[in-house]
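What follows is a set of notes on a single structure, which appears directly below.
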Amino acid sequence: MFEELAFIDNPTDDREMMPIMPLDEDEEEDQSGLALPANLPLLPLKNTVLFPGIIIPITIGRDKSIKAVRQAHQSDKLLAVVSQKNMKVEDPSFKDMYQIGTVAKILKLFKMPDGTTTTILQGKRRFALDQLIQEDPHMEVQITELQSIPPEDESEFRAMVVTIRDLAAQIIKLSPNIPSEASVMLSNIKSDVFLLDFIASNLAISMAEKQAILEIGSLTEKAQHVLQHMQQEMQVLVLKDEIDTKVRGDIDKQQRDYFLHQQLKTIQEELGQNPQQAEIKELEERASKKKWPENVKKAFEKEITKVKRINPQVAEYSVLLNYLDLLLDLPWEEYTKDNFDLKKVKEVLDKDHYGLTKVKERIIEHLAVLKLKGDMKAPILCLVGPPGVGKTSLGRSIARALQRRFIRMSLGGLHDESEIRGHRKTYIGAMPGRIIQSLKKAESSNPVFILDEIDKVGKDFRGDPSSALLEVLDPEQNSTFHDNYLELEYDLSKVMFVATANSLASIQPALLDRMEIIEISGYSTEEKVEIAKRHLIPQQRKEHGLKANQITLRPAVLKRIIQDYTRESGVRSLSRRIAGVMRNAAKQIAMDDVAKVVVGPADLLGILGPSRFSKDLYTEARVPGVAVGLAWTSVGGEILFIEASLSDGSGKLTLTGNLGDVMKESASTALSFIKAHSEALGIDPARFAKTDLHVHVPEGAIPKDGPSAGVTMLTAITSVLSGKRVKSHLAMTGEITLRGRVLPVGGIKEKVLAAKRAGMKQIMLCAENEKHVDEINPDFIKDLNFVYVKTMEEVLEHALGKLKPKAK
């Protein structure tokens, strides 16, 4: 951009002032009549270039320069002025100067009070140095005058000059350092040549670039160079103006917001209103009514003192406010009163859930001790059972019976440890863990807290939530539970935690050890009928907008739905089938076909479609080598077919059906036992060497493992080798050993109920499992015949009949 058109107040040796305009408008005409002598005193300038027609004041400090100026002033007042190539050279020689300069006329010469000499020079004409005539006492040189070369294309030159004038006006307008009067000065310059020199002299470019313009003889070329530099300056100024405008806009907005906030604050203070003070005062009033531990009270007072000192505009202000809100919202030492009417509690539990005797007894026991003792740590229960048996809904029922608040927290798929313990409040978006958040919502420190699907907690690089639960579920530790956000200890010992799981296999041992395990078995057909009558039918009827007098289900309908359309331990699938019946009834009533719908067993085919399950599958006549086993899975008991076949070969055993290692070992054990006792079992020992045995368990897509199929493997292999069929309607389960013993297995109730659902009439178990059968309601198993065995020989005798020993 242009340099300032003003004098410099702190002159240094040979440092000139900024160029100013001549007062004489006929300058160009005056110069044309000036005769230049051949020899002139030489004045080297350190840091500027003098152009023809330009007037500059210079303070002179070097002796040779002072003598040259005085010599010129005493004669014709003309000086040869050139620029130094290097301004740091104090005593320049002839070769240290540019070879083209400007002849200057001394207009004034001053002796300043401080002893320095100042002169005002006016550039006249350009010259070229020919030779140095003398060096002392001052430099004197011989010069040759240089003439400007007129433009070849006058119109092009005029166009460039007009462009330069316009661009100069824009630069003056955009540049904050150039006064607006400079536009008037430019408009008063009539000479195009002087205009170029004047603008070149005032351009904010290096001295070397100015010297290059001075040395150009062609007016067209000089105009091009000046225009080029001006365009560069214009681009810089435009960019700078855009930046200044944006910054100024941002600053103006900040200032405006600040002033508005200050005005609002003043108005509110005049009206006796201060939002921040009112907010803090409200927190203090709430704190004064709060019943909480002494350490929490001290922490609150410390944080609120900090809030009072912080500017509300600071981000930390809102973080601290949120933290104080949490401290006040948490139910410190706030408990709901338990319902100690044990008979009433039992009535509520029985009304909400049919069966589940063990769980109900455990809750009653806890309340009984609490009633007598007055204070007791809450139990930490873990309900384990197949889906759909009512584990989660039981938690809600417990809360209702005890008259406590209810919280449910799903742990399925949880991967981040911070979900349990929270984040430190220094992080952006930090919040307390879900345990503390749930207690805040419950507004009580002794709710019933359901930890749903605890067996499905994940683990990855973000931490191990199950390890974080160790502190929550340990009665010795949870009285001082530490949340990272809260940074204070919270007492969870009065919370009744009830965890639910489908399987204990995926729960880590340390966590399992902290919980009281209560196994919830699947429901029998009779239990499902009762549950449907008491809960499912009224619930689905209500959800489908039906009244009790609009639909009737005949007694045999429920049993038919359970046996032919569901195969589960729980009642979820049963609920969906009943919903299907209700939808069909709602459609008939809504279409004004009937006023009341009566559903009988024969109607189910049209409503639910053909039967999905059939007992004939398990009871039909079978060929030798097929036995029915009983298995336990996470979704309840299941029927398991085991098939064996023979083929000519070399005695190889093939096992298929996606079997686990334990199940494969059971087959190998059974075959080894049969080989060892082949003669007693009536099997030719030589047959093993020339026959291949293939054992297959259907539904190969489902992984299967466990020792309980041992007796079934033994029976199926013996059956195919002896050619005798297994008794019909017989199911069995039990582990076998090489010594011929039958060992007990688990999941007896689920397996027995699965056998009954499948239409089995006889079940073979280890003798030690008889005690587990005794725990099952006799009404549920009255149609089943149980055979208890201790040895593998007994198994084969009951399954295949008496086997004749092989004659020797």
Some residue of the range 546-555 being under 21 Å from S393 (Cβ atoms) and open to solvent by 10 Å² or more (accessible area, probe 1.4 Å): no
The range 241-256 residues that are under 14 Å from P176 (Cα atoms), paired with ones that are open to solvent by less than 100 Å² (accessible area, probe 1.4 Å) (beta carbon under 8 Å, 6 or more apart): D241/L174
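What about F497, is it in contact (Cβ under 8 Å) with a residue 40 or more places away in the chain, open to solvent by less than 10 Å² (accessible area, probe 1.4 Å), within 25 Å of Y354 (Cβ to Cβ) and of a type in the set (F, W, Y)? Full working, then the answer.
Working: in contact (Cβ under 8 Å) with a residue 40 or more places away in the chain: yes; open to solvent by less than 10 Å² (accessible area, probe 1.4 Å): yes; within 25 Å of Y354 (Cβ to Cβ): yes; of a type in the set (F, W, Y): yes.
For F497, the condition - in contact (Cβ under 8 Å) with a residue 40 or more places away in the chain, open to solvent by less than 10 Å² (accessible area, probe 1.4 Å), within 25 Å of Y354 (Cβ to Cβ) and of a type in the set (F, W, Y) - is met.
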Of the criteria (1) of a type outside the set (S, T, Y); (2) at pLDDT below 80; (3) under 40 Å from the mean Cα position of the chain (by Cα); (4) crowded, with 18+ Cβ neighbours inside 10 Å, which one V389 fails: (2)
Residues (in contact with a helix residue (DSSP H, G or I) (Cβ under 7 Å, 6 or more places away or on another chain), closer than 15 Å to I537 by Cβ and open to solvent by 10 Å² or more (accessible area, probe 1.4 Å)) located in the range 561-578: V571, S575, R577
Flag for P179 being touching a residue at least 12 places away in the same chain (Cβ under 8 Å), closer than 30 Å to R70 by Cβ and assigned to a loop (DSSP other than H, G, I, E, B): no
The range 570-598 - residue that is outside any helix (DSSP H, G or I) and of a type in the set (G, A, S) and, of those, farthest from S393 (Cα to Cα): A595
First in the range 329-347 and under 19 Å from T357 (Cα atoms), second anywhere and open to solvent by less than 70 Å² (accessible area, probe 1.4 Å) and not aliphatic (A, V, I, L, M), Cβ under 9 Å, 6 or more apart: V345/N339; V345/K360; K346/K360
Filter result for L356 (in contact (Cβ under 8 Å) with a residue 60 or more places away in the chain and either open to solvent by less than 70 Å² (accessible area, probe 1.4 Å) or of a type in the set (A, V, I, L, M, F, W, C) (or both)): yes
Any hit, the range 108-131, residues being open to solvent by 60 Å² or more (accessible area, probe 1.4 Å), within 24 Å of E215 (Cα to Cα) and in a strand (DSSP E or B): yes
Identity of the residue in the range 694-711, modelled with pLDDT of 90 or more and open to solvent by 20 Å² or more (accessible area, probe 1.4 Å), that ends up farthest from the chain's Cα centre (by Cα): H694
Number of the exception - F157 against (1) over 23 Å from Q228 (Cβ atoms); (2) open to solvent by less than 30 Å² (accessible area, probe 1.4 Å): (1)
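Quick one: is L414 in a helix (DSSP H, G or I), on the phi < 0 side of the Ramachandran plot and either open to solvent by less than 30 Å² (accessible area, probe 1.4 Å) or of a type in the set (S, T, Y) (or both)?
No: the conditions fail for L414.
Of the residues that make up the range 212-225, is at least one within 17 Å of R165 (Cβ to Cβ), open to solvent by less than 20 Å² (accessible area, probe 1.4 Å), at pLDDT 85 or above and of a type in the set (D, E, K, R)? Please lay out each step first, then the result.
Just the residues of the range 212-225 that are within 17 Å of R165 (Cβ to Cβ), to begin with: 219-220, 222-225.
Retained after the next criterion (residues that are open to solvent by less than 20 Å² (accessible area, probe 1.4 Å)): 219, 222-223.
Now narrow it down to the ones that are at pLDDT 85 or above: 219, 222-223.
Going one step further and asking which of them are of a type in the set (D, E, K, R), we end up with 222.
Looking through the range 212-225, at least one residue is within 17 Å of R165 (Cβ to Cβ), open to solvent by less than 20 Å² (accessible area, probe 1.4 Å), at pLDDT 85 or above and of a type in the set (D, E, K, R).
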Subset of the range 435-468 [at pLDDT 85 or above, in a helix (DSSP H, G or I) and surrounded by 19 or more Cβ atoms within 10 Å (Cβ to Cβ)]: I435, I436, Q437, L439, A442, I454, D455
Every residue from the range 469-491 that is assigned to a loop (DSSP other than H, G, I, E, B) and either more than 20 Å from R424 (Cβ to Cβ) or among the hydroxyl-bearing types (S, T, Y) (or both): L473, D474, P475, E476, Q477, Y485, D491
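Counting just the residues of the range 146-176 that are without any contact (Cβ under 8 Å) to a residue 40 or more places away in the chain and of a type in the set (G, A, S), which one comes out nearest to D241 (Cα to Cα)? Reasoning before the result, please.
Here is the first cut: in the range 146-176, the ones without any contact (Cβ under 8 Å) to a residue 40 or more places away in the chain are 154-155, 158-159, 162, 165-166, 169, 173, 176.
Now restrict to residues that are of a type in the set (G, A, S): 155, 159, 169.
Working: S155: 33, A159: 27, A169: 16 Å.
Of everything passing the filter in the range 146-176, A169 is nearest to D241 (Cα to Cα).
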All positions within the range 498-553 that are of a type in the set (S, T, N, Q) and touching a Leu at 6+ places or on another chain (Cβ under 9 Å): T500, Q508, S521, S524, T525, Q540
Qualifying residues in the range 525-545 (those that are touching a Lys or Arg at 6+ places or on another chain (Cβ under 7 Å) and either in contact (Cβ under 8 Å) with a residue 40 or more places away in the chain or open to solvent by 50 Å² or more (accessible area, probe 1.4 Å) (or both)) - the one nearest to D593 (Cα to Cα): H544
The range 635-662, subset open to solvent by 50 Å² or more (accessible area, probe 1.4 Å) and at pLDDT below 85, residue nearest to S672 (Cα to Cα): N658
Residue that is among the basic types (K, R) and in contact (Cβ under 8 Å) with a residue 40 or more places away in the chain, where the choices are K771, K704, K802: K704
Those residues of the range 42-96 which are buried (at least 21 other Cβ atoms within 10 Å of the Cβ) and assigned to a helix (DSSP H, G or I), in sequence order: S65, A68, V69, A72
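The values are calculated or read from the model by the stated rules, or taken from the named source; none is laboratory data. This structure is a prediction, so every number in the text was calculated from the model and none was measured. Neighbour counts run over all protein chains shown; Cβ positions are idealised from the backbone, glycine included. Accessible surface areas use protein heavy atoms only, side chains included; no ligands, DNA or RNA. Shrake-Rupley method; radii C 1.70, N 1.55, O 1.52, S 1.80 Å.
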